[in-house]
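Report on one structure; see the data block that follows.
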Amino acid sequence: SISEDAQQLVTRMLCLDPTERITAGEALEDTWMKRWRQGDLPSEDLTALQGRLKQLRMSTIIGAITSLTALNKMRSEQDWEAIHKVLKEEADVRLEMIVQDSNRLEGLKHSFNMLDRDKSGRISLNNLRDSMHAMGKYKDEEDLNSMMKHFDLFGTGDICFQEYC
C-alpha cells in the first residue's frame, strides 16, 4: 500500500489552488522525499508505488476537469427559468444510473470532493465561492447566489452529491 507520507506529498503537489500547492523546493524537503534520498524506502515497492501515483494523479486531473466543466456549466446557463426542476425521485434515478458506471461515479465523487472544500459532504456557497476564486472564474456575489439558487434542487441551501450528479 502507499504510505501516508507519499499520499500526503502527492496531495500537496496536486492541490488545485496554486496558492496552497507546495513548491518544488518544499516537495524536495518533504518527509517522503528525504526517506527516498536516504534509501529508507523498500525498492521492490517503488514500481507499484509509481503506478499507483500515476493513477492518483490521473484521477485528480479528471476530477479537476469535471469540476471546472460543472462550474462553467453552472455559470454559463443563461435561461435559469428553462432549467428543468429535478424532483428527488428523478435525482435518485439519475444517481442510480451513475452508480452503475464506476469510472464516471469515481470521477464525479472526486470532483465533488474538490468543490466540497470544507469536507462537509455538501457544496456550500462558501465552497462555491472559494472554488470559483481558485479557478479564476469568480464574478460577484449575485452570480454565486444565482448559481446556488438554481442548482440547489432540494432547496437545502447547499448542493448535495445527488444534485451535483
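Taken over the range 137-165, the criterion of being under 17 Å from S120 (Cβ atoms) and not aliphatic (A, V, I, L, M) is satisfied by F151, D152, F154, T156, G157, D158, C160, F161, Q162, E163, Y164.
The set of residues from the range 101-137 being among the polar types (S, T, N, Q) and closer than 20 Å to L153 by Cβ comprises S111, N113, S120, S124, N126, N127, S131.
Checked against the criterion of being surrounded by fewer than 16 Cβ atoms within 10 Å (Cβ to Cβ) and closer than 13 Å to Y164 by Cα, the candidates G136, G107, G121 yield just one match: G121. Which one is modelled with the lowest pLDDT, of the residues in the range 116-136 that are at positive phi and either small (G, A, S) or in contact with a Pro (Cβ under 9 Å, 6 or more places away or on another chain) (or both)? Top of the filtered list is G136. Considering the range 126-149, and only residues there that are out of contact with any Leu (no Cβ under 9 Å at 6 or more places or on another chain), assigned to a helix (DSSP H, G or I) and not acidic (D, E), the residue that is nearest to C15 (Cα to Cα) turns out to be H133.
D152 meets the stated requirement of being of a type in the set (D, E, K, R), over 14 Å from the mean Cα position of the chain (by Cα) and over 24 Å from C15 (Cα atoms). Considering each residue of the range 5-27 in turn, none proves to be at positive phi and at pLDDT 75 or above.
The values are calculated or read from the model by the stated rules, or taken from the named source; none is laboratory data. Just so you know, these numbers come straight off a predicted model, no measurement behind them. Every residue, glycine as well, gets a Cβ built from its backbone with ideal geometry; the counts of neighbours run over all protein chains shown.
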